[in-house]
Structure formats: structure tokens, C-alpha cells
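Engineer: Here's a structure for you.
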Amino acid sequence: MTVHFIGAGPGAPDLVTVRAARIIATAPVCLYAGALVPRELLETAPEGARLVDTADLDLDQITAELVAAHEAGLDVARLHSGDPSVYSAMAEQMRRLDAHGVPYDVVPGVPAFAAAAASLNRELTVPGVGQTVILTRTSARSTPMPEGEDLATLGASRATLVLHLAVQRITELVPELVPHYGADCPVAVVARASRDDELILRGTLTDIAAQVEAAGVKRTAVVVVGAVLTAGQFPDSHLYSTTRCR
């Protein structure tokens, strides 16, 4: 019996891997976050499968479900939105499964930042403009950020920033970013990327907070900050240059 931690993607039901779809279609137990995982994925589960919405469960209750399935000899599809390697709380579940001797593996998925970039029709690593992407979040009521990972420190790099779990605090965050990026730095907010109700806001650090407030965006969104969002004049990549191909 194995617990399969599966990246269920950003929301569109067809943005999952073939491997993920196969496991979901055969696993007799499926744990998922009801507010984030597309319902269509659950419809492919086997008839009679145990479907557990983890939205209102704490970590101990989730662990109990996984251990019980293991003791019953049942495979589990444990669905996480996006890719489980980023902000999924998978690590603490693995730690508990290790303590119980429960085997597991990981199936990667499409992360929210990649879905947002696709919706924006932008590459986040543009030659001569930006070659570094920082994935981070902010801390309010969530787990505190480690020392040295505050926005002032990260923003000093002027790298492309992708902020998760931050859109509800964007008014507070803008003043921390302006000294490094400038008030006219391009910003995009993508809410519910890849879903039917996707919303895209484009602006600068000067006006993006007002746009977010007017649109009522409070969750399930990523904020992208950086010059790559509007870059039009830049050198071609060396990857396909004539000098390299000779």
C-alpha cells in the first residue's frame, strides 16, 4: 500500500499528468482539498472509492485517514493543488507517515506560478531582462518567514518575484517593493489561474493594489512582480543563436 502525494494542478481538470490521472482512477481512497481540487478529478475515482475532503480536517485527522488506509492495505491518492513541492504542507505529512512506517511517493503537478505565466502569455526568464525567479510568500496569520526571507531582503535582488498567499495584503506589500523595483515596475495578479472564472489584473506597483481591491480578489491568486512582464526589446537567447549552432 502506498500514499501517492499528487499535484492536482492549478484548477483546470485536464492540467494533471497521465500518471496522476491513472492513480486517481485506480486508488480506492482519495483525500483532497475540496475548495482547491477540481471536482471533475474525483469523478474519475473508482466506484465506491472513499473520498475524503480534508478542508476541515487537522493534520492529525488527515494522518489518521492515511494510516487507516495503510492498515487496510489500500492505496491512497492524496491530492494537493498545484505542485506538492511548493506550499502544500506535504513535508509534515511525510514526517508523520515516516513515524508510522507508511510508504509514499510524489507525483508532480502544474504549479500555480506556471499556470499564471501561461495565462499571461509570458516567459518569466527573459534574456537580458530577468533570469531569476523567486517563489515566496508573506506572513500574517501563517507560519512566520525565516530570517532573511523578508520582502526587503528578497526584493533587493530585483529578481522576478512570484508571491503566493499574499494578494490579501497587497496594499501593505507595495511600499516594501517600490524602493527596489520602482513605482512603475510591471505587476500582474492572476486569480484562479486556468479555471473558468480566471481573472487577470495587469498594472504597476502604483496602481495594482487599487485594482485588486476593486476586483475583490482575496485568495487563490499569485502576484508576479518584474520587468519580464512587459519586456519587448531583449537579445535572443544564446540557445538558438547562429554562432552556437555552427
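Please treat every number below as a calculation from the coordinates, not as lab data. On a predicted model such as this, the values are computed, not experimentally measured, just so you know. Cβ: placed from backbone, ideal geometry, glycine included. Neighbour counts: every protein chain shown.
Engineer: Let me have the 222 nm mean residue ellipticity of the chain computed from DSSP H runs of 4+ only, each contributing -39500 (n - 2.57), with the sum over all residues rounded to the nearest 500.
Structural biologist: Working: 9 runs with 75 residues, N = 246.
Calculated mean residue ellipticity at 222 nm is -8500 deg cm²/dmol.
Engineer: Counting each pair of different Cα atoms once, what's the Kirkwood radius of region 138-201 in Å, rounded to one decimal?
Structural biologist: Computed over Cα pairs of region 138-201, the Kirkwood hydrodynamic radius comes out at 13.1 Å.
Engineer: Would you kindly state how much longer the chain becomes between L57 and R219 on full extension, computed as 0.36 nm times their sequence separation minus their alpha carbon distance, in nm to one decimal?
Structural biologist: 56.3 nm
Engineer: Right, something else. Equivalent ellipsoid semi-axes for region 112-229, as square roots of 5 times the alpha carbon gyration tensor eigenvalues: give them largest first, rounded to whole Å.
Structural biologist: Gyration-tensor ellipsoid for region 112-229: 19, 18, 14 Å.
Engineer: Can I ask one more? Under the rule of at least 5 residues apart or a separate chain, name every residue whose amide H is placed under 5 Å from the amide H of L31.
Structural biologist: V52, A77, R78, L79
Engineer: Only one of the values [x] 147; [y] 159; [z] 121 was calculated from this structure for volume of the Cα convex hull per residue in Å³; name its label.
Structural biologist: Correct label, based on the coordinates given: [y].
Engineer: Spelling out what I want: for every residue of region 212-223, take phi, set θ = phi - 60°, compute 6.51 cos²θ - 1.76 cosθ + 1.60 (Karplus), and round to whole Hz; glycine and proline get x.
Structural biologist: Computed from phi, the couplings for region 212-223 are 4, 5, 5, 7, x, 7, 10, 7, 6, 9, 10, 10 Hz.
Engineer: Something else now. For region 199-204, take each phi angle, set θ = phi - 60°, evaluate the Karplus expression 6.51 cos²θ - 1.76 cosθ + 1.60, and give the result in whole Hz per residue in order, putting x for glycine and proline.
Structural biologist: With the stated coefficients, region 199-204 comes to 10, 10, 10, 10, x, 10 Hz.
Engineer: Highest mean first, how do 180-190, 218-228, 41-51, 75-85 rank when packing is the count of other Cβ atoms within 10 Å averaged over residues? Before the final figure, lay out each step's value.
Structural biologist: Values: 180-190: 19.8, 218-228: 21.4, 41-51: 14.0, 75-85: 24.2.
Going from most to least packed, we get 75-85, 218-228, 180-190, 41-51.
Engineer: Turning to a different aspect of this structure: Can you compute the equivalent ellipsoid semi-axes for region 1-114, i.e. the square root of 5 times each eigenvalue of the Cα gyration tensor, sorted largest first and rounded to whole Å?
Structural biologist: 20, 16, 12
Engineer: In nanometres, what is the gap between the two model label sites at A35 and R202, each 7 Å from Cα along Cα-to-Cβ?
Structural biologist: 3.0
Engineer: On to the next question. So if each residue of separation counts as 0.36 nm, and I subtract the Cα-Cα distance between A210 and M145, what length gain in nm does that give?
Structural biologist: Length gained between A210 and M145: 20.8 nm.
Engineer: Taking amide hydrogens as modeled 1.01 Å from N in the peptide plane, which residues meet the under 5 Å criterion relative to R137, leaving out close sequence neighbours?
Structural biologist: Here H164 satisfy the definition.
Engineer: Cα centroids of region 1-41 and region 78-104: how far apart, whole angstrom?
Structural biologist: A separation of 14 Å, based on Cα centres.
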